[in-house]
Amino acid sequence: MATQVERETETSEAQIAVHWREEEYIHPSPKFIGQANASDPAIFERFSEKNFPECFKEYADLLSWDQYWHTTLDTSNAPFWKWFVGGKLNASYNCVDRHLAKDRNKAAIIWVPEPEAEDTQAITYQELYRRVNEFAALLQDFCGLKAGDRVTLHMPMVPELPVTMLACARLGVIHSEVFGGFSGAACGDRAADSGSEVLITMDAYYRSGELIDHKIKADEAVTVSSEKGNEIKKVLVWQRYPGKSSSPTPMVPDRDVFVNELLNTYRGKIVPPVSMPAEAPLFLMYTSGTTARPKGCQHSTGGYLSYVAGTSKYYQDIHPEDTYWCMADIGWITGHSYIVYGPLALGATTVMYEGVPTYPDAGRAWRIAERLNVNIFHTAPTTIRMLRKVGPDEPKKYNYHFKHMTTVGEPIEPGVWEWYYNVVGKGEAAIVDTWWQTENGGFLGSTLPALQPMKPGSCGPGVLGINPVILDEEGNVVEAGSGRAGNICIRNPWPGIFQTVYGQPERFVEIYYAKYNKNKDSKDWHDWPYFAGDGALQAADGYFRILGRVDDVINVAGHRLGTKELESACLTIEEVAEAAAVPVMDEVRGRAVEMYVALKPGNKPSKEIEEKVGESIERLIGKVARPKAVWVVADMPKTRSGKIMRRVIASISNFTDVGDITTLANPDIVDTIRHQVQAEKVSRGQQPRELSPTELEEIKRFGQAE
Ligand code: PRX
């Protein structure tokens, strides 16, 4: 295994000091290289900058086009890039119909329900074709939906979710799936933002052995959407057990309808796929940022689908005979790109699992892998840490063999990487650490698995056709190997990049492009580096190490939570005057949230208020966002201009040095809060642990983005 080489670099005060250990390379096995989709180094030349943007033709040619495009990249309305202009295609046709001739009877989706006694469902391409067509007919005839309309989905990990997405895509209807674990209010908020008149949900689903009532969230979503001025007219409810209602929440007459009952009317109906322009939106995916309002990332049909097909082929190394299992939730971008659209565009077999990877015991994931003969496995560091915690030796008990594994969503600690490699992968699998974001459609940073060695903790260089650069605050390039961190940016556009923030084009430009653009009238893509919002370092070999967000987003278990969203949820509580969310290091979830609140005059701190804070966040955002601790404090540390110093309270929560507090308007409060919080933490047994240099940096940086 890798030996660690200490590398330390001193930096000036203006720079971010970084001290990190550089890991040694690990090379994939000859067996893996021998079968890889990308094993000829000539591919780097094909995708080199001098061949940009035409290099992406190679990805687009993986698809079937109704009409071929005439312009690969149109930059005339920079930075609203248009890819494959003039081209027409349908995403549902590409993911389903075109595979029928050769692979009609091959499993497209293998769905594993959480209860082990329930049968696994293998849905062939033929069966998927029938289900997608019948549901598309229902959407068209019963709901009156047509190309360009938006529909909100709030569905769990069931095969009806990809069926719904593909049925929408068949009609050119823009789907907007909200993660099933988000609250009804969060769903309603997003439905209103997208102007959806139809909500598609499910009555219930399994989570840790419990059949959860999900329909209840639809009622709240409709109410919240209506409060925001958007009427949801129809709620389509899939049944977890067709023919039987699994939710005690009543159906609302004239609004709610059981899909499974209605589908009888559409049995055998075929809906021709609507030929869509390449730049027509395929879906929206909401994500968090610096303000409380979530951003609806709008993804295109032709560019997006080309990009996820290409990266699935070369980086996921999916072959027709592979069984590919990505354990993400389809409610996140990873699931859209690398459970549904990428693998299905390639005609692969994609596995979906309904529930919790450690239910009913630590061996569950490995039993699924063994039984289905999964050979490509894809998950996040949080899940890897959890699997290691509950069953460090469990993978050895099962006879499965992965050729390839992916990690995504958060930085992975080298020790966790090594367990993934040695124990989960049994030392046989090539690993790709893929860095990217909801906005990006597909991977941005990763090693090409057969051609570039792995380096634990680093995602690798930019992927094919992607040219990342690290810039300092002034826009100067931070050289590779300098040991300095900065803002990672992508110099060029790529087909998977989102088109805009739905309904907020000015925010799209402001957040992602304005920072480093010097001429807003420029039509030259070189003038528009994409600002990713992550801090990173580039080693001398070109590999990037991602340090985390620079924009007040907390990455909890791979979920992006905006501090402003969390704070505004607290401010809905009558007694709360001020709120601040900070990250705290967590052994399994990477980061957890701690909430600090100060009360309006006349209110006293109480357990009840702490409870209210937790409940309010759960109701307005979802359980994933529930804070690990709530601290009701006498006052917040503030600058003289009244800004809450989040880095100071973040330091207190993490037992690190609070740094310079001389510029505070109320420096005395710092000691008061420290005593209150740290004494309580110690009494709860939450002893401080030493933080790594990069974790320390994150705390120091926290809250500086405003
Ligand atoms: O901070 C980076 C982190 O996750 C953020 C994007 O989150 P989201 O839009 O939810 O998409 C997650 C899945 C694509 C990034 O800004 N991140 C993502 N992948 C990695 C990562 N951090 C380190 N290493 C990664 N491989």
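With a cut-off of 13 Å on the backbone N, the residues of the range 599-623 near the modelled label site 7 Å out from Glu210 along Cα-Cβ are 623.
Counting every Cα pair in the range 349-462, what percent are over 23 Å apart?
So the pairs more than 23 Å apart make up 26 percent of the total in the range 349-462.
Out of every Cα-Cα pair that the range 286-416 contains, those further apart than 27 angstrom amount to 24 percent. In the range 380-423, which residues have a backbone nitrogen under 20 Å from the label point lying 7 Å from Val356's Cα in the Cα-to-Cβ direction? Residues 380-395 fall inside that zone. Taken over the range 496-560, the percentage of Cα pairs per 10 Å bin, counting from 0 up to the bin with the maximum distance, is 17, 38, 36, 9, 0.
Please report how many Lys pairs in the range 29-145 have alpha carbons closer than 25 angstrom, counting only residues at least 8 apart along the chain or sitting on separate chains. If you can, show how the numbers build up before the last one.
Details: Lys50/Lys82; Lys57/Lys82; Lys57/Lys88; Lys57/Lys102; Lys88/Lys102.
Lysine pairs meeting both conditions in the range 29-145 amount to 5.
Could you work out the Rg to Rh ratio of the range 573-706, with Rh taken as the Kirkwood radius (inverse of the mean 1/r over all Cα pairs)? Radius of gyration over Kirkwood radius for the range 573-706 works out to 0.94.
From the C-alpha coordinates alone, can you work out the Kirkwood hydrodynamic radius of the chain, in Å? Please list the in-between numbers first.
Values: mean 1/r = 0.0384 Å⁻¹.
Hydrodynamic radius (Kirkwood, Cα pairs) of the chain is 26.1 Å.
Charge dipole of the range 221-370 (Cα centre as origin; +1 on each Lys and Arg Cβ, -1 on each Asp and Glu Cβ, all else neutral): 400 debye, rounded to the nearest 20. Using a cut-off of 17 Å between alpha-carbon atoms, which lysines can reach Lys244, once sequence neighbours fewer than 8 places away in the same chain are excluded? Reachable lysines: Lys215.
For the chain, give the share of DSSP beta bridges that are antiparallel, in percent and rounded to the nearest 5; count only bridges with both residues there.
Details: 63 of 104 bridges.
Beta bridges within the chain, antiparallel portion: roughly 60 percent.
By the rule of a C-alpha distance below 18 Å, with chain neighbours fewer than 8 residues away ignored, the lysines paired with Lys600 are Lys612, Lys638, Lys643. Looking at this model, which pairs from Lys295/Lys520; Lys295/Lys564; Lys389/Lys700; Lys233/Lys269 are more than 18 angstrom apart at the alpha-carbon? Those over the limit are Lys295/Lys520; Lys389/Lys700; Lys233/Lys269. Volume per residue for the range 490-639 equals 184 cubic angstrom (convex hull of Cα atoms). Taking a straight line from the alpha carbon of Lys396, these aspartates and glutamates sit under 12 Å away, with near neighbours fewer than eight places off in the same chain left out: Glu370.
Quick one, can you get me the convex hull of the C-alpha atoms of the range 389-531 expressed as volume per residue in Å³? Can you show the working numbers first?
Details: hull volume 21.5 nm³, N = 143.
That works out to 151 Å³ per residue.
Specify, per residue and in Å³, the volume enclosed by the convex hull of the alpha carbon atoms belonging to the range 164-276. Spread over its residues, the Cα hull of the range 164-276 gives 115 Å³ apiece. With a cut-off of 15 Å on the backbone N, the residues of the range 295-312 near the modelled label site 7 Å out from Leu451 along Cα-Cβ are 310-312. If you take the charge dipole of the range 180-273 about its Cα centre, with +1 on Lys and Arg Cβ and -1 on Asp and Glu Cβ, which of Val257, Pro272, Pro242 is farthest toward its positive end? Comparing the listed Cα positions along the dipole, Pro272 ranks first. Note on the chain: with charges restricted to the Cβ of Lys and Arg (+1) and Asp and Glu (-1), its dipole about the Cα centre is near 1060 debye.
For the chain, with the dipole built from +1 on Lys and Arg beta-carbon atoms and -1 on Asp and Glu ones, taken about the Cα centre, which of Thr291, His675, Thr694 lies farthest toward the positive end? Sorting the options by dipole projection puts first Thr291.
FYI, it's all coordinate maths here, none of it is from the lab. Since this is a predicted model, take the numbers as computed values, not measurements. In this analysis, Cβ positions are derived from the backbone assuming ideal geometry, glycine residues included, and neighbour counts consider all displayed protein chains.
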